[in-house]
1. Which longest uninterrupted range of chain A lacks any trypsin sites (Lys or Arg not before Pro) assigned by DSSP to a loop state (not H, G, I, E or B) and surrounded by at most 10 other Cβ atoms within 10 Å?
2. Put B:T69, B:T119 in order of accessible area, largest first, 1.4 Å probe: what do you get?
3. Taking the rotation axis that maps chain B onto chain A, which residue of B brings its Cβ closest to that axis, and at what distance in whole Å?
4. Taking chain A as the reference, fit the longest principal axis to its C-alpha atoms, fit the long axis of helix A:17-32 to the helix C-alpha atoms, and give the angle between the two in degrees, 0 to 90, nearest 10.
5. Using only the alpha carbons of region B:72-122, determine the length spanned along each of the three principal axes and report them from longest to shortest in whole angstroms.
6. Place the label 7 angstrom along Cα→C-beta at B:A44 and in each other copy, then list the distances from the first to the rest in nm, shortest first.
7. Explain nothing, just compute: Karplus ³J(HN,Hα) = 6.51 cos²θ - 1.76 cosθ + 1.60, θ = phi - 60°, for every residue of region A:144-150 in order, whole Hz, x for Gly and Pro.
8. Determine how many Å³ per residue the convex hull of the Cα atoms of region A:69-204 encloses.
There are 2 protein chains.
Amino acid sequence: MVSFKRRGGRRPGATDTRESILAAAREAFTRAGYRPATIRGIAAAAGVDPALVMHFFGNKETLFREAMTLPVEPAAVLSRALATSPDRAGEVIAATFLEIWDSAAHRDSLLGLVRASVTEQAASDMFRATILDGIEHALTEFGVSQPRLRGTLLASQLMGLAMARYILALEPLASAPRPDVAAAVAPTLQRYISGDITRESPRD
Amino acid sequence: MVSFKRRGGRRPGATDTRESILAAAREAFTRAGYRPATIRGIAAAAGVDPALVMHFFGNKETLFREAMTLPVEPAAVLSRALATSPDRAGEVIAATFLEIWDSAAHRDSLLGLVRASVTEQAASDMFRATILDGIEHALTEFGVSQPRLRGTLLASQLMGLAMARYILALEPLASAPRPDVAAAVAPTLQRYISGDITRESPRD
DNA sequence: CAGCTTATTCAACATCTGTAGAGTTCAACG
DNA sequence: CGTTGAACTCTACAGATGTTGAATAAGCTG
């Protein structure tokens, strides 16, 4: 049995390498965030030379940007929820949010985005631009008062939920059935969207 | 004027160097999290040789642990709020939470803890042990139902608020007056503590 | 003052980092 | 079938990183 050692050169057959690098990158950025994830590690996980990663993406930052593009449009989800039944938007959003996070497919990207948002300026800007502006737009379109403030409040509860349930995995929140969690959180979301959020009226 | 170049050896006078290293470490860990903060950078910021940091703390991880000890006891705050006026605990907690975060003194430690909790396993465990167990204990002591679930829900909104207002600095939440934010969030906290959080009762 | 402990620095280490350049192999197209 | 371009690897570099060991200077205790 002779073992052939590859020494450079294109591989025979179809070429899905770029995609598997992206997958490995997603996974790596997900676990620890931007800085701790290394190009070498990502390359190794993809069964590839580090230089190939450079060949495809040029540098670490664009690799990150490309790996971490959002799998869903939060603005669309919000708009649809508002359009369908304004007074139940909270329920719908909570359910959809949990559904997306619970699905293994999207989880990695989302985890990575949150992790990186906390440490990387670039990711933080991306968050603001992509997610928050979308939420705000949807709320404005629907004509609620103080759409910006409501949008950030909404984001605060959703992000906190993601942190507690998925990142820190605080029990029993982390393994509670999806509908239970949705029910617990929905009223808060609903109030942030269309309820009273001002001073001097502590009724809820 | 002759300039003396120090070449090792103790400095004359009192020695507060350890503390200034800790301060620099807090600041560094705060800005970016565990990994990106470098011992060399911390040492430089403290005007000290990197080896001195090792001398005092042995390794990076214990330096981190020592720099990032919590400045407040969340359990105590919660207990006091519950004892004073159970049906206004939400308001009190929201106010206290914002007050602590808004104070420059504690802010750095808290920022660092949250940032690191997201990426570092050790910090995440610290969070669970120190903060959450305290909250849970206080809720149990007060006799509410499902104290663990309520505790994590409470933590989720508070963490989300910290993320949105202090870490991502989402406007207008970030610069809204403290009482306004407290008023917006208090009802949610109150409901998580003593309100209805179950299914099949979507009234709020 | 002698002697021990502690604070402090210097120089060096092994390792890892992102990245660059040149070379090799394959696929696609004329 | 020859040429071009893209996929792919090797080797290397320059810089940063955590950590170590020895050397020096000051304080503390006797």
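1. On the way: sites that count: A:K5, A:R6, A:R7, A:R10, A:R203.
Between the exposed loop sites, the longest stretch runs A:11-202.
2. On the way: B:T69 85, B:T119 30 Å².
From most accessible down to least: B:T69, B:T119.
3. In chain B, the Cβ lying nearest the symmetry axis toward A is B:G160, 1.
4. The angle comes out near 50 degrees.
5. Computed over the Cα atoms, the extents are 36, 24, 14 Å.
6. 2.8
7. For region A:144-150, the Karplus-derived couplings read 7, 7, 6, x, 5, 5, 4 Hz, x marking Gly and Pro.
8. Working: hull volume 15.7 nm³, N = 136.
Taking only Cα atoms, region A:69-204 has a hull volume of 115 Å³ per residue.
The values are calculated or read from the model by the stated rules, or taken from the named source; none is laboratory data. Computed from a predicted model, the values in this text were never measured in an experiment. Ideal geometry is used to build each Cβ from the backbone, glycine not excepted, and the neighbour counts take in all protein chains shown. We work out accessible area using only protein heavy atoms, side chains counted, and drop any ligands, DNA or RNA first. Shrake-Rupley method; radii C 1.70, N 1.55, O 1.52, S 1.80 Å.
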